Amino acid sequence: MSKPGLRIGLGYDVHAFAPNRKLILGGVDIPHTQGLLGHSDADVLAHAVADALLGAIRGGDIGKLFPDTDPAYKGADSLVLLGAVADLLREGGWEIVDIDCVIAAQAPKLSPHREAMRENLARAMKIDVDNIGVKATTTERLGFEGREEGISAQAVALVERCC
Ligand code: MG
């Protein structure tokens with residue numbers, strides 16, 4: 001018998017770099033020579049956070065909720081999708097307790113944008129900015145992130161059944 005109360009979720013997402021695309025991470029439009037490819041705005045960080053939340057409530061993933069075959073989500077603002085996921089949790093009687101994330105990118109340098117990303121994500125989910133952490137790392141030039149072929153993001157979310 002499962003215990004009510006706390007649950008954790010893990011989210012992971014990857015998007016490839018492409019020319020003539022904006023680089024949107026955590027809702028921040030970051031100046032760079034290339035952006036991420038995707039049906040939506042390809043905000044890999046927002047997607048990882050949304051999947052962590054959905055994982056915690058065993059609610060599938062954002063690909064299932066917002067299919068990339070649906071023209072309604074073409075160019076979608078991923079913060080809006082993340083807000084919809086947060087609302088879905090609350091409607092199901094869950095409260096978002098805490099979230100932490102890490103972005104793996106060789107370039108550009110992301111630390112100057114970290115606070116803006118935290119604020120955007122917190123606002124989208126209607127949580128306190130203190131309850132979301134965002135970190136960035138390079139992969140020491142290893143792997144697809146290191147070769148600057150794309151960016152990955154991981155997130156963990158702790159949720160609690162509130163009623
Ligand atoms: Mg994605």
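Restricting attention to the range 133-158 and to residues that are among the aliphatic types (A, V, I, L, M) and in contact (Cβ under 8 Å) with a residue 60 or more places away in the chain, the residue that is farthest from Gly93 (Cα to Cα) turns out to be Ile151.
Assess whether Arg21 counts as being basic (Lys, Arg), at pLDDT 95 or above, more than 13 Å from the ligand (Cβ to nearest atom) and under 18 Å from Ala157 (Cα atoms). Considered against the rule, which asks whether it is basic (Lys, Arg), at pLDDT 95 or above, more than 13 Å from the ligand (Cβ to nearest atom) and under 18 Å from Ala157 (Cα atoms), Arg21 comes out as no. Could we say that Thr33 is of a type in the set (Val, Ile, Thr), more than 17 Å from Asn120 (Cα to Cα) and at pLDDT below 95 here? For Thr33, the condition - of a type in the set (Val, Ile, Thr), more than 17 Å from Asn120 (Cα to Cα) and at pLDDT below 95 - is not met. Evaluate the range 89-101: report whether one residue or more is within 11 Å of the chain's Cα centre (by Cα), away from the ligand (no atom under 16 Å from the Cβ) and at pLDDT 95 or above. Yes: one or more hits. I'd like to verify a number: residues in the range 32-70 that are more than 13 Å from the ligand (Cβ to nearest atom) and either out of contact with any His (no Cβ under 9 Å at 6 or more places or on another chain) or within 23 Å of Ala104 (Cα to Cα) (or both), how many? The qualifying residues number 11.
When the range 62-102 is filtered for residues that are surrounded by 18 or more Cβ atoms within 10 Å (Cβ to Cβ) and more than 17 Å from Ser40 (Cβ to Cβ), the ones remaining, listed by number, are Leu89, Trp94, Ile96, Ile99, Cys101.
The values are calculated or read from the model by the stated rules, or taken from the named source; none is laboratory data. Everything quoted here is computed from the prediction, not taken from an experiment. Positions of Cβ are generated from backbone atoms using ideal geometry, with glycine treated the same way; all protein chains shown enter the neighbour counts.
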